[in-house]
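Q: This structure is in C-alpha cells; I'll ask about it shortly.
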Amino acid sequence: DSPLNRVLDRTNRVHLYPVSTVEIIAIAGLSCSGKTTLAQEISLQTGAPVLSLDDYYLPLSSLSLTDRKKLNYDAPEMFDQALLYVHLTALLEGRPIDVPTYDFVEFTRGVERHRVESAPLIVLEGQYAIYWNRISELCSTRVFLDVPVVECLERRLLRDTVERGRTEEDVRWRFDNH
C-alpha cells in the first residue's frame, strides 16, 4: 500500500523499508531575517507544523544565569543537533515528537514540552537549519533568506527588547560581538 525501498543486505536478502512521504522545508538566515515569519506563513497556508531551532538550544541549567548570559547563542555549537536529528528522523518515519521549549528570560531550556505530530510537510526554521550536513540532508527543500544586516539588526532590536526583555545595549553588543 505504501511505497517501499528494496535494500539488499550482505547476504543478498531483500529488506523492504517504507519510503517517507514526509517532506521537510528548512528555512535559514541571519537572526531576524524573517525565518519565523516565512515559516508561519507556510504553516498558515498548508497546515504544516513548524519546528524552531530556538527550542533546540542546549540545556544549560547547570550554569548560573550570569554565566548563561555571557554565552554566544548565535554559535552552532549552542544547539542540540543530536536531539534535532532524532526528532526529524522520527517525523520522517511518521512518529510524533515532544519538542523542548526554550526560556529566553532564563537563558535555558524550559521544563515544558509540546507535541508535534508528523505531517506530509514539516517546516524547520532557524539560523542553522541548513548548516549541519546530516540535518540538511533530511530536508527536501532548503531556503536561505538573504536580508541586509542593517535590517536584521533593526528587527532584532525591536524583537529582543519587546519580546525577550533585553536592553538595547545588550542586543547591540550580542549582534556586534557574536
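Q: With every protein chain in place, what's the accessible area of Leu157 (1.4 Å probe, Å², nearest 10)?
A: 30 Å²
Q: Tell me which residues come under 5 Å, amide H to amide H, from Glu23 once H is placed; ignore anything under 5 positions away on its chain.
A: For Glu23, the qualifying residues are Leu121, Ile122.
Q: Shifting gears a bit: Would you mind telling me the antiparallel percentage of the DSSP bridges in the chain, rounded to 5?
A: Just about 50 percent of them are antiparallel.
Q: Hey, what do the phi angles of region 121-133 turn into as Karplus ³J(HN,Hα) couplings, whole Hz, using 6.51/-1.76/1.60 and θ = phi - 60°, x for Gly and Pro?
A: Those phi angles translate into 10, 10, 10, 10, 10, x, 3, 10, 4, 10, 6, 8, 4 Hz.
Q: Can you pull out the trypsin sites (Lys or Arg not before Pro) in region 41-85 that DSSP calls coil and that have at most 11 other Cβ atoms within 10 Å?
A: Lys70
Q: Translational diffusion coefficient of region 25-66 at 37 °C, 0.692 mPa s, Stokes-Einstein with Kirkwood Rh over Cα pairs, in µm²/s as a whole number.
A: Value of D from the Cα-based Kirkwood radius: 268 µm²/s.
Q: Carbon and sulfur together cover what percent of the accessible area of the chain at a 1.4 Å probe radius?
A: C and S atoms contribute 52 percent here.
Q: Can you give the longest run of the chain that contains no GluC sites (Glu not before Pro) sitting in a DSSP loop with at most 15 other Cβ atoms inside 10 Å?
A: It works out to 1-92.
Q: Any idea of the accessible area per residue across the chain, 1.4 Å probe, to the nearest Å²?
A: 59 Å²
Q: What 222 nm value per residue comes from the helices of the chain, counting each DSSP H run with n ≥ 4 as -39,500 (n - 2.57) and dividing by all residues, nearest 500 deg cm²/dmol?
A: -9000 deg cm²/dmol
Q: Right, another one. Kirkwood Rh, the chain, all Cα pairs: how many Å?
A: Radius from the Kirkwood sum: 17.8 Å.
Q: Along Cα→Cβ, 7 Å out, is where each label goes; now give me the distance between the ones at Asn133 and Leu44 in nm to one decimal.
A: Modelled inter-label distance: 3.8 nm.
Q: Modelling each spin label as a point 7 Å along the Cα-to-Cβ direction, I'd like the Asp67/Asp98 distance in nm, to one decimal.
A: 2.7 nm
The values are calculated or read from the model by the stated rules, or taken from the named source; none is laboratory data. Here the structure is a predicted model, which means the values were calculated and not measured. Neighbour counts run over all protein chains shown; Cβ positions are idealised from the backbone, glycine included. Quick note on the areas: whole protein, heavy atoms, side chains included, nothing else; ligands and nucleic acids left out. Shrake-Rupley method; radii C 1.70, N 1.55, O 1.52, S 1.80 Å.
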